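One structure is given below, encoded as structure tokens.
The values are calculated or read from the model by the stated rules, or taken from the named source; none is laboratory data. Given the structure is predicted, the values throughout are model-derived calculations rather than measurements. Quick reminder, even Gly has a Cβ in these numbers, built from the backbone with ideal geometry, and neighbours come from all protein chains shown. In case anyone asks, the SASA skips ligands and DNA or RNA and just uses the protein heavy atoms, side chains included. Shrake-Rupley method; radii C 1.70, N 1.55, O 1.52, S 1.80 Å.
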Amino acid sequence: MDLRHLKYFLAVAETRNFTQAAASCYVAQSALSQQIARLEKDVGARLFSRTSRSVRLTAAGELLEPLARRILADVDNATAALDALSGLRRGRLRLGLVQTRASSVDLVEVMADYHARYPGIDFHVTNAPSVEMAASVLAGDLDIAVVGLGPRQVPEGLDHFVLASDPLVLIVPADHALADADAVDLADLPESHQLIQFTRGSGLRRQVEAAFARAGVEPGQHFQVGQIQDMIRLAARGIGVTVVPRSSVLDDSALGASLSDVLPYGARALRIADEAAVHTICAVHDSKRLAPAAAAFLEVVERHAIRD
């Protein structure tokens, strides 16, 4: 089985389109179709069901897809391991990064430190919901992902290293009925409240929904926003309320200031009485297939976590 055939197969599986797959692989469509046909002959089964309007994986194709990803990932890891003999002079690191910040670990500084130590390693950085990135690590498509998942939310089969546990706070406008409270229970929110939620599938979304579940209430009417700072600003303007990590409101540059001084439009950030309401950031990886470049990155992350 030719590795090139597997790469072509995955390109078609991802795009569901032979023309787009050929373009992404920089080959002619006719050549790609011929290579797929050879792969189907090698495995003794059709991998795609093709019509004039659609391309779908057959049962054999669905079986081969995760195996092909693992095979190619193992080849990459083997190459990286050989590179390690020469001191990590070249290679790549496929890294997934959560969109929310890890309050106690500056990931930009981690990446800068890593690059200074291993300048020949190329970064391939992905931003996606935490659940998707963890699944990509499990499938072998990412080496490491920094995700907003707690230890119990990390998929079975992955190892994790906790980077931060950031308390969640409730953001309300200045004229909200709870604005002067020191701490609130999410059950205290009026039934008519509108909740501004983060992206579906994100770790933050899961942790907020878990906090409402512990309070014994439904999140209520809500809508989704893809940027935390937009969530805060919308809540400040009275569009609804939102729950965000405390570090999203009060970063290192604002230490010593009151939350009311740093929030827009005089909004309030209220402590949530539920001590389990935290936004946990973990670095997840598969220790059974950890490439040298990825192992070196974890070492740098751990050094920064201990230092901070």
Any residue in the stretch 37-66 that is in a loop (DSSP other than H, G, I, E, B) sitting within a Cβ distance under 7 Å of a residue that is surrounded by fewer than 13 Cβ atoms within 10 Å (Cβ to Cβ)? List the pairs, counting only those 6 or more apart or interchain. Thr58/Ser49
Out of curiosity, is Ala177 among the aliphatic types (A, V, I, L, M), without any contact (Cβ under 8 Å) to a residue 12 or more places away in the chain and surrounded by fewer than 19 Cβ atoms within 10 Å (Cβ to Cβ)? no
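Residue-by-condition table, conditions (1) touching a strand residue (DSSP E or B) at 6+ places or on another chain (Cβ under 6 Å); (2) at pLDDT 85 or above; (3) surrounded by fewer than 13 Cβ atoms within 10 Å (Cβ to Cβ):
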site: Cys25; (1), (2), (3): no, yes, no
site: Gln35; (1), (2), (3): no, yes, no
site: Leu39; (1), (2), (3): no, yes, no
site: Gly44; (1), (2), (3): no, yes, yes
site: Glu65; (1), (2), (3): no, yes, no
site: Ile71; (1), (2), (3): no, yes, no
site: Asp76; (1), (2), (3): no, no, no
Subset of the stretch 226-235, residues open to solvent by less than 10 Å² (accessible area, probe 1.4 Å) and touching a helix residue (DSSP H, G or I) at 6+ places or on another chain (Cβ under 8 Å), comes to Ile232
Cβ contacts < 7 Å: first residue under 12 Å from Arg92 (Cβ atoms), restricted to the stretch 116-133; second residue open to solvent by 60 Å² or more (accessible area, probe 1.4 Å) and not in a strand (DSSP E or B), any location; separation 6+ or different chain. Result? Gly120/Arg89; Gly120/Arg90
Among the candidates Val162, Val169, Val154, which residue alone is buried (at least 19 other Cβ atoms within 10 Å of the Cβ), within 11 Å of Ile281 (Cα to Cα) and among the β-branched types (Val, Ile, Thr)? Val154
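Among the residues in the stretch 196-205, are any over 19 Å from Ile239 (Cα atoms), polar (S, T, N, Q), open to solvent by less than 30 Å² (accessible area, probe 1.4 Å) and assigned to a helix (DSSP H, G or I)?
To start, the set of residues in the stretch 196-205 that are over 19 Å from Ile239 (Cα atoms) comprises 200-204.
Filter once more, so that each one left must be polar (S, T, N, Q): 202.
Adding the requirement that they be open to solvent by less than 30 Å² (accessible area, probe 1.4 Å) leaves 202.
Now drop any that are not assigned to a helix (DSSP H, G or I), which leaves none.
There is no residue in the stretch 196-205 that is over 19 Å from Ile239 (Cα atoms), polar (S, T, N, Q), open to solvent by less than 30 Å² (accessible area, probe 1.4 Å) and assigned to a helix (DSSP H, G or I).
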Residues in the stretch 180-194 that are surrounded by 14 or more Cβ atoms within 10 Å (Cβ to Cβ) and more than 18 Å from Asp274 (Cα to Cα): how many? 2
Name the single residue that is nearest to Cys282 (Cα to Cα) among those in the stretch 126-143 being among the acidic types (Asp, Glu) and over 9 Å from the mean Cα position of the chain (by Cα). Asp143
If you scan the stretch 125-165, which residues turn out to be touching a His at 6+ places or on another chain (Cβ under 8 Å) and among the charged types (D, E, K, R)? Asp143, Asp159
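Which one is surrounded by the fewest Cβ atoms within 10 Å (Cβ to Cβ) among residues in the stretch 279-304 that are of a type in the set (A, V, I, L, M) and within 17 Å of the chain's Cα centre (by Cα)?
The first filter runs over the stretch 279-304 and keeps only residues of a type in the set (A, V, I, L, M), leaving 281, 283-284, 290-291, 293-296, 298, 300-301.
Cutting the leftovers down to within 17 Å of the chain's Cα centre (by Cα) gives us 281, 283-284, 294, 298, 301.
Details: Ile281: 29, Ala283: 26, Val284: 23, Ala294: 25, Leu298: 17, Val301: 22.
Only one residue tops the list, namely Leu298.
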